[in-house]
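Here's the structure we're looking at; comments come further down.
Readers should treat all values here as calculations from the given coordinates under stated rules, not as data from a laboratory. The structure displayed is predicted, hence computed values, not measured ones. Don't worry about glycine lacking a Cβ; one is built from the backbone with ideal geometry, like all the others, and counts go over all protein chains shown.
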Amino acid sequence: MLLPHRFLRTTRTAHLHLGVFTAPMLRRVLLVLAMALPAWAAAKVPPTQVAVLATLHQLHATTPAYSFETLGRAIEQLQPDVLCVELQPDDLKLRPAETTKQEYPDVVYPLIDRHHYRVYAMEPAEPTYSDILKPYIEAGHDFSVRAPEQAEAFSRYSDGAYIGLQTYWTSPARVNDAVTDSVLRAKHELQQAMVGDGERVGWERWNRQFLGVILQAAKENPGKRIVVIVGAEHGYWLRGHLAQVSGVQLLDTAELLRAPAAKPVQHAGRAGVPMT
């Protein structure tokens, strides 16, 4: 069948334009798409959620509103996929008895066995452990020798702060709220001002060790929920720094604990290998 002259001319024009598009223009378009794909893929993955859950170590035994049993319910209520814990890697393997951090044998280890959370140990193994803590502890000891009256006064202040906080802690949410964080932030600011650089540097290095492990866990578990189980005095520091990290959504732990408890999520398989 013979095609009209106008149709042939239009078809030839279309092929000419297509030819122009498929050479340099097409290469540029493909390059732009290739550069955009990683960002598009990243945008499809939701940010890793992080909730910092403050613990009271042995004080859970004398804080009725935040007993060991209540701590266990709080962890389940936050529905973690991943736990970051205030332990050394070997502690997770050997599970020694704890005189101070009693929440681990009493609460955390049984929950790990029940729910098979992936777990990261935030405290470093030796020699890094001693490298950070030894000068920090020595700074406190030197302060007590150099200024015994000031050291005694600070000790009374610290004891009084905890007496007040234990009265205030009428729920797990209050242990994790802005009031508790502000009291403990003030305690550490005073402590650093009185003890000096050894206290300030040691506290900063220890908390940055924890932060590094949390960020590693966030990188390795995109879109998951991480619950950081850590002593209450670290709460204000970690929350303040995590709030500034891109790709991490810092959750309001106090608000989550005020909400009605949901059924805990069961995690299949074995717990992940602890990392630092």
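Summary of packing: across the peptides 182-194, 69-81, the per-residue average of other C-beta atoms within 10 Å ranks them, highest first, as 69-81, 182-194.
Shape verdict for region 80-203, please, from the Cα gyration tensor: rounded (a/c under 1.5), prolate (a/b greater than b/c) or oblate. Oblate.
Derived scalar couplings between HN and Hα for region 131-136 equal 4, 7, 7, 4, x, 5 Hz in order, rounded to whole Hz, by the Karplus curve 6.51 cos²θ - 1.76 cosθ + 1.60 (θ = phi - 60°), x for Gly and Pro.
Ordering of 227-234, 123-130 by packing is 227-234, 123-130, highest average first (other Cβ atoms within 10 Å, averaged per residue). Close amide H pairs (under 5 Å, H built 1.01 Å from N) link Gln102 with Gln58, residues at least 5 positions away or on another chain. An oblate overall shape is assigned to region 146-190, the ratio a/c of its alpha-carbon gyration tensor axes (a ≥ b ≥ c) being 1.5 or greater and a/b not exceeding b/c. Given their separation in residues at 0.36 nm each and the Cα-Cα distance between them, Ala97 and Asp159 gain 19.7 nm when the chain is fully extended. With q set to 0.17, 0.27, 0.28 Å⁻¹, the log10 of I(q)/I(0) for region 172-227, from the Debye formula over equal scatterers at the Cα positions, is -0.77, -0.99, -1.00.
For Thr48, what residues show an amide H to amide H distance below 5 Å, using hydrogens built from the backbone and excluding near sequence neighbours? Under 5 Å from the amide H of Thr48: Gly223, Gln249. Ignoring lysines fewer than eight residues from Lys187 along the same chain, the ones with Cα atoms less than 24 angstrom from its Cα are Lys101, Lys134.
Here's the list of lysines a cross-link from Lys224 could span, going by alpha-carbon distance under 20 Å and ignoring same-chain residues fewer than 8 apart: Lys44, Lys263. For Val119, the residues whose modelled amide H falls within less than 5 Å of its own, excluding neighbours fewer than 5 places apart on the same chain, are Leu83, Gly272.
Gap in Å between the Cα centre of region 51-111 and the Cα centre of region 132-198? Spelled out, the Cα-based centre of one part sits 22 Å from the other.
Sum up the charges of everything whose Cβ sits under 14 Å from the Cβ of Pro124, counting Lys and Arg as +1 and Asp and Glu as -1, but leave Pro124 out.
Net local charge, Pro124 excluded: -3.
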